[in-house]
Every structure is written in C-alpha cells, then in structure tokens.
C-alpha cells in the first residue's frame, strides 16, 4: 500500500557552469507551479512531490518521473504542470508529448551526458592554478 496515489520526482541537481542541468532548464519554477496545481486541482493530499539528484538526462531536462507507473517526462515546462496534473494525476492519461519511453535512447543520452560531464571535470582538474 502506498501512502500517496502518486509520487513525483523532479531533478534539481545543479551542475558546474557549461554543463546542462535541470535547474538551468527551469526545474525550480516547475516545482512551485506543480505544487500550486496540485492544490488548485484538489490533489495535494493524493500526490507527493520530491526533488531528486541527477537522473542522467540533463540535456532533456527538466526531467520528471511519476510513480507508481514509472513514467518519465522530459523537457517539462511550468506551463505543462496543469496538464500533467489534470491528465495524468487526475485522469490516468499520460501526457504523450512529454513522455520519454525509448529506453535505448535514454540510456545512450545518459551515457553521453555522463561522459561529457566527466570530461569537463577532468579538464578543470588538469588546468594549472594561477
């Protein structure tokens, strides 16, 4: 038994300058609008919203996952929050235009982002101190 009908995770992991991240794409604003929509639509006691660390798909952020279904949403904007709440959380209909369900593409994007991030960290470590 779940304490809430839905649990929504939104990535809020900050990254160094020059590395894509969900907060740079508006994850902070999305969180606020999502909370307001849940209250406005009377679902605030039915859904728990949590922040989380990097999900590895930063180039497509903000990333949001809705459980118990395990639906991954990408490039979610503040203006999408009302639709996600009304369609998915209220009516059980996934917002198809935001859903990312191509597992192989997600894995490839995550590996590419990870490798880019590691390379940028290494480059910073290799820079001489002035």
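Where a number appears in this text, it was derived from the coordinates with a stated rule and is not lab data. Quantities reported herein were computed from a predicted structural model and do not represent experimental measurements. All Cβ positions, glycine included, derive from the backbone under ideal geometry; neighbour counts span all protein chains shown.
Answer yes or no: is there a residue in the range 107-123 that is closer than 19 Å to residue 9 by Cβ, touching a strand residue (DSSP E or B) at 6+ places or on another chain (Cβ under 9 Å) and not in a strand (DSSP E or B).
For the range 107-123, residues closer than 19 Å to residue 9 by Cβ, touching a strand residue (DSSP E or B) at 6+ places or on another chain (Cβ under 9 Å) and not in a strand (DSSP E or B): absent.
Looking only at the range 1-10, count every residue that is surrounded by 15 or more Cβ atoms within 10 Å (Cβ to Cβ) and either in contact with a helix residue (DSSP H, G or I) (Cβ under 6 Å, 6 or more places away or on another chain) or over 16 Å from residue 66 (Cα atoms) (or both) and tell me the total.
2
Out of all the residues in the range 45-93, which are on the phi > 0 side of the Ramachandran plot and crowded, with 16+ Cβ neighbours inside 10 Å?
56, 75
Hey, among the residues in the range 94-130 that are touching a helix residue (DSSP H, G or I) at 6+ places or on another chain (Cβ under 7 Å) and more than 23 Å from residue 31 (Cα to Cα), which one's surrounded by the most Cβ atoms within 10 Å (Cβ to Cβ)? Spell out the reasoning first.
Filtering the range 94-130 down to residues touching a helix residue (DSSP H, G or I) at 6+ places or on another chain (Cβ under 7 Å) leaves 94-95, 98, 100, 109, 113.
Restricting the remaining residues to those that are more than 23 Å from residue 31 (Cα to Cα) gives 109, 113.
On the way: 109: 18, 113: 22.
Among them, the one singled out is 113.
Conditions tested, residue by residue: (1) assigned to a loop (DSSP other than H, G, I, E, B); (2) in contact (Cβ under 8 Å) with a residue 60 or more places away in the chain; (3) in contact with a strand residue (DSSP E or B) (Cβ under 6 Å, 6 or more places away or on another chain); (4) farther than 29 Å from residue 16 by Cβ.
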| position | (1), (2), (3), (4) |
| --- | --- |
| 33 | no, no, no, no |
| 38 | no, no, yes, yes |
| 50 | no, no, yes, no |
| 95 | yes, no, no, yes |
